[in-house]
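Chemist: The structure that follows is given in the form of structure tokens.
The values are calculated or read from the model by the stated rules, or taken from the named source; none is laboratory data. Owing to the predicted nature of the structure, the values given are computational and were not obtained by experimental measurement. Here the Cβ positions follow ideal geometry from the backbone for every residue, glycine too, while neighbour counts run over all protein chains shown.
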Amino acid sequence: MEIKFILNGKKMQVDAAPDLLLLDLLREKGCYSVKRGCETANCGLCTVLMDKKPVLSCSMLAVRADGHEIVTLEGMQREAEEFGSFLADQGAEQCGFCNPGFIMNVFAMLEEMKEPTEEEIGEYLAGNLCRCSGFMGQTRSILAFLKYKKEQREGGSDR
């Protein structure tokens with residue numbers, strides 16, 4: 001089946017088998033940040049943004065991307081590097097395997113909520129599993145990032 005979509009800002013036209021998962025198509029296209037973890041839509045490793053909303057690419061057929069915009073971590077390098085420095089500052093990067101899906105969900109959350117509370121952050125990111133660390137470091141990094149972004153908007157902080 002022929003599908004057309006935008007992947008990280010580039011127009012794509014591909015032939016996709018009806019049973020091809022979006023995760024597999026994205027990896028075929030060089031988006032190696034999209035990872036296969038649990039294959040049961042429970043861990044968040046495969047998270048990508050479809051029209052700025054997080055979706056689990058391991059449980060979505062590629063044909064459903066037809067007519068949509070898909071963004072992976074490869075399409076958000078600058079933003080990811082900026083946020084990644086906050087993860088590192090809080091000692092929250094650990095092995096890094098879960099980071100791509102986690103970061104995609106953080107940016108989706110920030111599209112929906114400009115100043116989420118610590119409780120809202122925990123609820124929004126509940127579907128991201130990290131086997132190394134628990135989520136205190138990640139939560140601290142998000143709160144520090146939010147503070148930094150707010151200071152930037154108000155004309156203050158440089159990092």
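Chemist: Quick test of your reading of the structure: S57 fulfils all but one of (1) among the polar types (S, T, N, Q); (2) at pLDDT below 95; (3) surrounded by 18 or more Cβ atoms within 10 Å (Cβ to Cβ). Name the failing condition by number.
Modeler: Only one criterion is unmet by S57, namely (2).
Chemist: Got a sec? Which of N105, N8, N99 is in contact (Cβ under 8 Å) with a residue 12 or more places away in the chain, surrounded by 15 or more Cβ atoms within 10 Å (Cβ to Cβ) and at positive phi?
Modeler: Numbers: N105 fails: at positive phi; N99 fails: at positive phi.
Matching residue, one of N105, N8, N99: N8.
Conditions (1) part of a loop (DSSP other than H, G, I, E, B); (2) within 23 Å of A41 (Cα to Cα); (3) assigned by TED's automatic domain parsing to the domain that holds K35; (4) in contact (Cβ under 8 Å) with a residue 60 or more places away in the chain, marked per residue:
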| residue | (1), (2), (3), (4) |
| --- | --- |
| E111 | no, yes, no, no |
| P116 | yes, no, no, no |
| E120 | no, yes, no, no |
| G127 | yes, yes, no, yes |
| R131 | yes, yes, no, no |
| T139 | no, yes, no, no |
| I142 | no, no, no, no |
| F145 | no, no, no, yes |
| K149 | no, no, no, no |
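Chemist: Got at least one residue in the range 97-109 being farther than 28 Å from I3 by Cβ and assigned to a loop (DSSP other than H, G, I, E, B)?
Modeler: yes
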